[in-house]
1. Going through region 53-77 one residue at a time, which ones are within 20 Å of the chain's Cα centre (by Cα) and in contact (Cβ under 8 Å) with a residue 60 or more places away in the chain?
2. So, in region 69-94, exactly how many residues are under 30 Å from residue 142 (Cα atoms) and open to solvent by less than 80 Å² (accessible area, probe 1.4 Å)?
3. With the structure loaded, tell me whether residue 12 is under 14 Å from residue 170 (Cβ atoms), not basic (Lys, Arg) and not in a loop (DSSP other than H, G, I, E, B) or whether it fails that test.
4. Inspect all residues belonging to region 95-118 and state whether any of them is within 22 Å of the chain's Cα centre (by Cα), in a helix (DSSP H, G or I) and surrounded by 14 or more Cβ atoms within 10 Å (Cβ to Cβ).
5. How about region 25-40: which of its residues are without any contact (Cβ under 8 Å) to a residue 40 or more places away in the chain and under 21 Å from residue 74 (Cα atoms)?
6. Restricting the first residue to region 94-113 and requiring it to be under 16 Å from residue 134 (Cβ atoms), which pairs with a second residue that is open to solvent by 50 Å² or more (accessible area, probe 1.4 Å) and assigned to a helix (DSSP H, G or I) meet a Cβ separation below 6 Å and a spacing of at least six or different chains?
7. Restricting to region 20-52, count the residues that are of a type in the set (A, V, I, L, M), within 21 Å of the chain's Cα centre (by Cα) and open to solvent by 40 Å² or more (accessible area, probe 1.4 Å).
Amino acid sequence: MTDSVENNAGDDLPTLTVPMDADAVIDRLDVASRRGRMAGFNGQPDVGLFIVDAWGTPFDHDLLAMGEKATGDETRLSFSLRLRRKLPTIHAIILLLTVWPGVWLTDSMLKLWFAWYYALTQKPMFIWGGFEAFTYIWYIPLCVVPLPWFWRSIMRRSRTTSHASGLEMIGKIAKELGVTPPPACEAGNSDDG
């Protein structure tokens, strides 16, 4: 599965123009990374100039920097967020796989604890070809129908928190490269180091 670069309207990240070439940018950020100031720095990604972490809740993103030559020795850095797909995929599989044992356990528990429930499941209208379907009829819609809304909610929260983290990282990158952080990055970046 390929990673997607998220660049939604309203999620525009600021650009930086730094007074050095791309190699000097990588060298300076590598030093900052080795000193613990640039989390997740990768100076040799498959795409882009470098990658740093953009933490999100519950799913993290990568802050991908693209570098292009500006005037003279200047480099213009543009940024985008890219979702890390491994954890969301595992999360989705677990969500879907928990529906089946849940319906089976609920069915067996309710039949064992409540005689009236067992009697209800034995009615001919709920037995389909020898299969007792009563619990499945109400349980599966109850558990599966909310999943798209739940998923949309956690993905939206993940994008929002990763965007805020991305802005903070851009502010840190600007300080490491000796330029003034963009105003959007200053609000979330109160530390000086």
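1. 53, 54, 55, 56, 57, 58, 59, 60, 61, 63, 65
2. The number of residues fulfilling the criteria is 8.
3. No.
4. Within region 95-118, one or more residues are within 22 Å of the chain's Cα centre (by Cα), in a helix (DSSP H, G or I) and surrounded by 14 or more Cβ atoms within 10 Å (Cβ to Cβ).
5. Passing the criteria: 26, 27, 30, 31.
6. Matching pairs, first to second residue: 111/118.
7. 1
The values are calculated or read from the model by the stated rules, or taken from the named source; none is laboratory data. On a predicted model such as this, the values are computed, not experimentally measured, just so you know. For neighbour counting, all protein chains shown are included, and Cβ atoms are generated from backbone atoms with ideal geometry for every residue, glycine included. Note: accessible area is taken over every heavy atom of the protein model, side chains too, but ligands, DNA and RNA are not part of it. Shrake-Rupley method; radii C 1.70, N 1.55, O 1.52, S 1.80 Å.
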